[in-house]
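Report on the structure given below.
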Amino acid sequence: MARPAQKQAQEQAQTGADAAGDPVSSRDLAGEAAFVRGVLGDEARAVAALCDRIIPALHEACDHIEACAKKDGTVLVSGLGKSGLVGAKISATFASLGIASHPVHPTEAAHGDLGRFRPADVALCLSHSGETDEVVALAASLKQDGLPIIAITRGAGEGEDPSRLERIADVVLVALVREEAGGEFLAPTSSTTAAMAIGDALALAVARRRNFTHADFAKRHPGGQLGGMLRPVTELLRFRAGVNLPVVGPGTIAGDALNDADRSGRRPGALLVVEDGRLVGIFTDGDLRRLVLRDPGELARPMGDVMTRGPRTLRDTALARDAVAAFREHRQDEIPVVDADGRPVGLLDVQDLITMRLVRD
């Protein structure tokens, strides 16, 4: 006997499968995707709306932080709750860009951490409402000691009086957000994103003023893939000209050059061909394979006849990231490294970058 349609539907809902055996889901995936796009759009618009509002004040904030850095002071960042978490990230960004910075919990500051602040320092205080008691109390104490106070807050709305934090601060960076992302939840979203974006902009603007370089950044990020990308390419070389990398002239017989390379120990993946001290060609394992398959007798020819002329090179001033870009763009397994006069310094093998996990095999 056929089961009633209502009973069958109930059973399908319980088992999570329809008549064809496919999963039945109560999730509205299309609606969910549209909602997520809306959230990201809300946050993007909140950040884009900041520019005209903060630029004049941001210049003044940069002045204070630049002066602080010149006096070897510290940018001490404080906020409570979500603002405290955002502040900690902003502080980390300052530190990574060569500007001394530490996060300070506003409550703990009242119990001894005020001793962290020195006359050369700057305080960056975050409070979306501008009325967070602990942050306001900290800013007031520091103001009495003559420290510049930079505030990141939503600012006073139309017809509203300035918040207590705004009245205390020397500079106010307004992270005004009309509505949090999604529209139906009260959790801080667009407002925290806006505050973090302002902090990033502030840190980067000061770093730009101070002519902070990639080399400076590399000193502060020696570990991980990011640090590896900023290492000088000369630090990555296992094969160096005149040490363990055979360098031959264009008149050297190919077979003789290969025998000499084998006697030198671990053979690199290519031989460099030099004339008058300058690199003129390269002979790779791939060149050798193609030559032997075509005619083994060609090993009796001079290197100048069988080498690849004018190979792509890297300067000895390049960084690892430049090598990664070259490998990805040209698919070379070996790239010669030369000095300003075209003299070979060494040979970079793609395996060196794979070992450092800068490229995938």
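Laboratory data are not the source of any read-out in this text; all were calculated from the coordinates shown. The model shown is predicted, which means the values in this text are computed figures rather than measured ones. When we count neighbours, we look across all protein chains shown, and the Cβ atoms used for this are built from the backbone with ideal geometry, even at glycine.
Please give the net charge around Cys68, taking every other residue with its beta carbon less than 15 angstrom from that of Cys68, where Lys and Arg add +1 and Asp and Glu add -1. Here the charged neighbours net out to -1. How would region 257-310 be classified by its alpha-carbon gyration tensor: rounded, prolate or oblate, with rounded meaning a/c under 1.5 and the a/b versus b/c comparison settling the rest? It is oblate, given that a/c is not under 1.5 and a/b is not larger than b/c.
Stretched out straight at 0.36 nm per residue, the stretch from Glu179 to Asp262 would grow longer than its current Cα-Cα span by 22.9 nm. Roughly how far apart, in whole Å, are the Cα centres of region 296-331 and region 39-53? Between the Cα centre of region 296-331 and that of region 39-53, the gap is 47 Å.
Could you tell me the calculated FRET efficiency between Asp295 and Cys51, based on Cβ-Cβ distance and R0 = 51 angstrom, to the nearest 0.05? Efficiency computed from Cβ-Cβ geometry: 0.15.
Basic side chains Lys and Arg get +1 at the Cβ, acidic Asp and Glu get -1 at the Cβ, and with that the dipole of region 32-149 about its Cα centre reaches some 220 debye.
Note on Arg167/Leu40: beta-carbon distance plugged into 1/(1 + (r/R0)^6) with R0 of 45 Å gives a FRET efficiency of 0.80. Simple rule: put +1 on each Lys or Arg Cβ and -1 on each Asp or Glu Cβ in region 45-212, find the dipole, and look at Val86, Val75, Ala207; the Cα lying farthest toward the positive end is Ala207.
Please rank Ile168, Ile55, Ile152, fewest neighbouring Cβ atoms within 10 Å first, as an exposure proxy.
Ile55, Ile168, Ile152
Listing Val136, Val177, Val122 from fewest to most neighbouring C-beta atoms within 10 Å gives Val136, Val177, Val122. Legend: calculated FRET efficiency, Asp133 to Glu158, from the Cβ-Cβ distance at R0 = 22 Å, rounded to 0.05, equals 0.30. What aspartates and glutamates does Lys70 reach when the alpha-carbon gap must be under 13 Å and sequence neighbours fewer than 8 apart in one chain are set aside? Filter leaves Asp121. In this label model, Asp341 and Lys143 are separated by 6.6 nm, measuring between points 7 Å along each Cα→Cβ vector. Here the Debye sum runs over all C-alpha atoms of region 66-175 as equal scatterers in vacuum, and log10 of I(q)/I(0) at q = 0.18 Å⁻¹ comes out as -0.81.
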